[in-house]
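Visitor: Please read through the structure below; I'll follow up with questions.
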Amino acid sequence: MIGIFRDWWRKKAVERIQVGDEAWAAAEARLPFLGHLSADERQRLRDMAREFLADKEWSGARGLALTAEMQLSITLQACLLVLNLGLEHYRGWVGIVVYPGDFVIPRQVMDEDGIVHEYDDEVMGEAWEGGPVLVSWFDRPEDADGVNVVIHEFAHKLDMENGAVDGVPRLPAGMSREEWRHAFEPAFDDFCARVDSGEDTFLDPYGAEHPAEFFAVMSEAFFETPDVLRDEYPAVYEQLKRFYRQDPLQRAG
Ligand SMILES: [Zn+2]
């Protein structure tokens, strides 16, 4: 009974979310990588986005006044990852906190001698397990240093679904952790070596920080610059294609 009521309530909540064609078009225009979606995919993405908007609780941090454009833009990108996987991958938490530009998270680390050091970590986003997603908003996307913070943080959310944030999300039937590792580990090692040698990599060098960051950065590339990813790490592209059940390169023709 509770389930039926919840479904009814949810349907009502989604129906209340009305977005005009112009608003959709304006938000999509900010995201050139959506340009390759077919008419059917675009419609499915919009339908999913309305559900996502109804599901989540939004807040602006540091006095940021949230606008519909910000919410639509963040929502479309978050939903792009799960377009063929389903919104249930984002259930179990509700908060999205938007910051005006990058922000600082106070952290503590304990060194070998057991002494705790405190420092401020300047970040563009953060995803908490079972908790909210924090993202920066840049009025001009080019101010984000080539980083797609929304795709990045929501890729972390998918990584967290099976517990450890280790760069291996919960894989669907037909995919194996072995194959995943065979594709990702050599690519990660190669990428770390290139970054360490001082190479100016096209893919965000932040991916060399940890296998989890590598997965998030490769996911950004998969959707935004699939040609670069396919050329540099074809096996990673292949695994992401199977995981996300999308082929952005084919779409781009
Ligand atoms: Zn990250």
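The values are calculated or read from the model by the stated rules, or taken from the named source; none is laboratory data. Worth saying up front: this structure is predicted, and the values here are computed from it rather than measured. Note: ideal-geometry Cβ built from the backbone for every residue, glycine included; neighbour counts use all protein chains shown. Ligands, DNA and RNA are excluded from the accessible area calculation, which covers all protein heavy atoms including side chains. Shrake-Rupley method; radii C 1.70, N 1.55, O 1.52, S 1.80 Å.
Visitor: Return the only residue of 40, 102 being open to solvent by 60 Å² or more (accessible area, probe 1.4 Å) and in contact with a Ser or Thr (Cβ under 9 Å, 6 or more places away or on another chain). If you could, list the steps in order and put the result at the bottom.
Guide: Numbers: 40 fails: in contact with a Ser or Thr (Cβ under 9 Å, 6 or more places away or on another chain).
Of the residues listed, the single one that is open to solvent by 60 Å² or more (accessible area, probe 1.4 Å) and in contact with a Ser or Thr (Cβ under 9 Å, 6 or more places away or on another chain) is 102.
Visitor: Still on this model: Looking at the range 91-103, I want the residues that are acidic (Asp, Glu) and have a partner that is open to solvent by 10 Å² or more (accessible area, probe 1.4 Å) and modelled with pLDDT under 90 with Cβ atoms under 8 Å, at least 6 apart or on another chain. Which pairs are those?
Guide: From the range 91-103, the pairs are 102/122; 102/123; 102/124.
Visitor: Among the residues of the range 178-197, write down those that are farther than 24 Å from residue 250 by Cα and within 16 Å of the ligand (Cβ to nearest atom). Step through it out loud before you land on a result.
Guide: At the first step, the residues of the range 178-197 found to be farther than 24 Å from residue 250 by Cα are 178, 181, 185-186, 188-197.
Correct list: 188, 191, 192, 195.
Visitor: Something else now. Answer with yes or no whether residue 174 is under 18 Å from residue 237 (Cβ atoms), open to solvent by 60 Å² or more (accessible area, probe 1.4 Å) and not in a helix (DSSP H, G or I). Please lay out each step first, then the result.
Guide: On the way: under 18 Å from residue 237 (Cβ atoms): yes; open to solvent by 60 Å² or more (accessible area, probe 1.4 Å): yes; not in a helix (DSSP H, G or I): yes.
Yes, satisfied.
Visitor: Anything in the range 198-253 that is open to solvent by 60 Å² or more (accessible area, probe 1.4 Å), outside any helix (DSSP H, G or I) and within 16 Å of the ligand (Cβ to nearest atom)? List them, or say none.
Guide: Within the range 198-253, 209, 210 meet the criteria.
Visitor: Looking at the range 162-177, which of its residues are under 18 Å from the mean Cα position of the chain (by Cα), more than 14 Å from the ligand (Cβ to nearest atom) and either at pLDDT below 95 or at positive phi (or both)?
Guide: Keep residues of the range 162-177 that are under 18 Å from the mean Cα position of the chain (by Cα), which gives 162-171.
Going one step further and asking which of them are more than 14 Å from the ligand (Cβ to nearest atom), we end up with 162-164, 168, 170-171.
Selection gives 162, 163, 164.
Visitor: Kindly establish whether residue 16 is closer than 25 Å to residue 136 by Cα, of a type in the set (D, E, K, R) and open to solvent by 40 Å² or more (accessible area, probe 1.4 Å). Reasoning before the result, please.
Guide: On the way: closer than 25 Å to residue 136 by Cα: no; of a type in the set (D, E, K, R): yes; open to solvent by 40 Å² or more (accessible area, probe 1.4 Å): yes.
Taking the combined requirement at face value, the residue does not satisfy it.
Visitor: Could you tell me whether residue 28 is within 26 Å of residue 136 (Cβ to Cβ) and open to solvent by 50 Å² or more (accessible area, probe 1.4 Å)? Lay out the reasoning, then the answer.
Guide: Details: within 26 Å of residue 136 (Cβ to Cβ): yes; open to solvent by 50 Å² or more (accessible area, probe 1.4 Å): no.
Criteria not met by residue 28.
Visitor: While we're here: Kindly provide the set of residues from the range 124-155 that are in a strand (DSSP E or B) and open to solvent by less than 30 Å² (accessible area, probe 1.4 Å), ordered by number. Before the answer, list the steps.
Guide: Our first condition is that a residue be in a strand (DSSP E or B); within the range 124-155, this holds for 125-127, 133-137.
Within the range 124-155, 125, 127, 133, 134, 135, 136, 137 qualify.
Visitor: As an exercise: evaluate residue 159 against (1) surrounded by 22 or more Cβ atoms within 10 Å (Cβ to Cβ); (2) more than 11 Å from the ligand (Cβ to nearest atom) and give the number of the one condition it does not meet.
Guide: (2)
Visitor: Let me ask something else. I need the full set of residues from the range 111-123 which are open to solvent by 90 Å² or more (accessible area, probe 1.4 Å) and either within 16 Å of the ligand (Cβ to nearest atom) or in a strand (DSSP E or B) (or both), in order please.
Guide: Scanning the range 111-123 gives 118, 119, 120, 122.
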